[in-house]
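J.: Below is the structure I would like to discuss, written out as structure tokens.
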Amino acid sequence: MMLPLAELTYSQMESLFYSLIILSCWSWLYKGDNPLYKIAVNITLGLALSVGFKASLDTIISKSSPILTGNYGALIALVLGLMTWLRFSSATRELSYWPLAVVAGAGTAIGVKGAIGPMILAQTRTVSWHGANMLANMNEFLIWLAAITTILYFIFTIKRESYGGVLGGLSRIGFAFMAVGFGAYFGSMFLGWLTNVTGLGSSLVKYPGYFVTAIAIVLVVVDVLRGGAK
């Protein structure tokens, strides 16, 4: 049975392309760095860079349009954005750090301002530990304890070697809370990645992706029989 490429719809061509890219990337697990893997990586990076470049141009055009209507405040953002392109020349590379510093400083200030309230103060301001629901009371206490002990762990004015007594014990409790939090965070991230893999991998068992899967299986079997697996 031949694959009639001319009769494929756009979504089927997209599924076929996904299958080729996925299996080409997974070929690294079997043969290491190989031509198929390199082609897939270059295609992926090229598409990502082209889409990012197009999005950047659209942003520049949209931000510069208000200048034509008299909003000259947007000119500052336009100049800062264009200055980031100066890094492509060694003679003007130092000037490209200025807009990056402005963005980093403003972003950090906005992030800290927005994080202090909901992520620190709100966690330490418990509603009540004497409610009728014991489970809710314990949850409130754990949130309060985790916030306080984690903050104590990051007191950089005190050397870690000098931690002792109550402060040392509380900082170790904060470290344990961070370990639990990071474990849950990375576990949820892994589950999200696994969901993406299974979602994209479904194209390998559907038409027309199973043609690519069948060819890949045959090639792997032949290579194994020839003793080419590494």
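The values are calculated or read from the model by the stated rules, or taken from the named source; none is laboratory data. Owing to the predicted nature of the structure, the values given are computational and were not obtained by experimental measurement. Don't worry about glycine lacking a Cβ; one is built from the backbone with ideal geometry, like all the others, and counts go over all protein chains shown.
J.: Is there any pair with a first residue in the range 61-90 that is under 16 Å from residue 102 (Cα atoms) and a second that is basic (Lys, Arg) and modelled with pLDDT of 75 or more whose Cβ atoms are under 9 Å apart and which are 6 or more apart or on different chains, and what are they?
T.: 86/93; 87/93
J.: Ok, one more. Considering only the range 32-48, I want to know if a residue exists there that is under 25 Å from residue 218 (Cα atoms), touching an Asp or Glu at 6+ places or on another chain (Cβ under 9 Å) and in contact (Cβ under 8 Å) with a residue 40 or more places away in the chain.
T.: There is no residue in the range 32-48 that is under 25 Å from residue 218 (Cα atoms), touching an Asp or Glu at 6+ places or on another chain (Cβ under 9 Å) and in contact (Cβ under 8 Å) with a residue 40 or more places away in the chain.
J.: So which of 112, 103 ends up being surrounded by 13 or more Cβ atoms within 10 Å (Cβ to Cβ) and among the β-branched types (Val, Ile, Thr)?
T.: Only one candidate passes the filter, namely 103.
J.: Specify which of the listed residues (68, 8) is aliphatic (A, V, I, L, M), over 27 Å from the mean Cα position of the chain (by Cα) and under 23 Å from residue 206 (Cα atoms).
T.: One residue alone meets the criteria, 8.
J.: Now for a different question. For the range 8-24, check the following and say yes or no: at least one residue is in contact with a Ser or Thr (Cβ under 7 Å, 6 or more places away or on another chain), closer than 19 Å to residue 197 by Cα, in a helix (DSSP H, G or I) and among the polar types (S, T, N, Q).
T.: yes
J.: Do we find that residue 41 is aliphatic (A, V, I, L, M), part of a helix (DSSP H, G or I) and over 23 Å from residue 101 (Cα atoms) in this structure?
T.: Yes; evaluated as a whole, the condition is true for this residue.
J.: If you don't mind, another one. Can you tell which of 4, 66 is surrounded by 15 or more Cβ atoms within 10 Å (Cβ to Cβ) and at pLDDT below 85?
T.: Result: 66 is the single residue among 4, 66 that is surrounded by 15 or more Cβ atoms within 10 Å (Cβ to Cβ) and at pLDDT below 85.
J.: Looking for whichever is surrounded by 13 or more Cβ atoms within 10 Å (Cβ to Cβ) and at pLDDT 85 or above here; the options are 39, 60. Which one fits?
T.: Selected residue: 39, the only one of 39, 60 that is surrounded by 13 or more Cβ atoms within 10 Å (Cβ to Cβ) and at pLDDT 85 or above.
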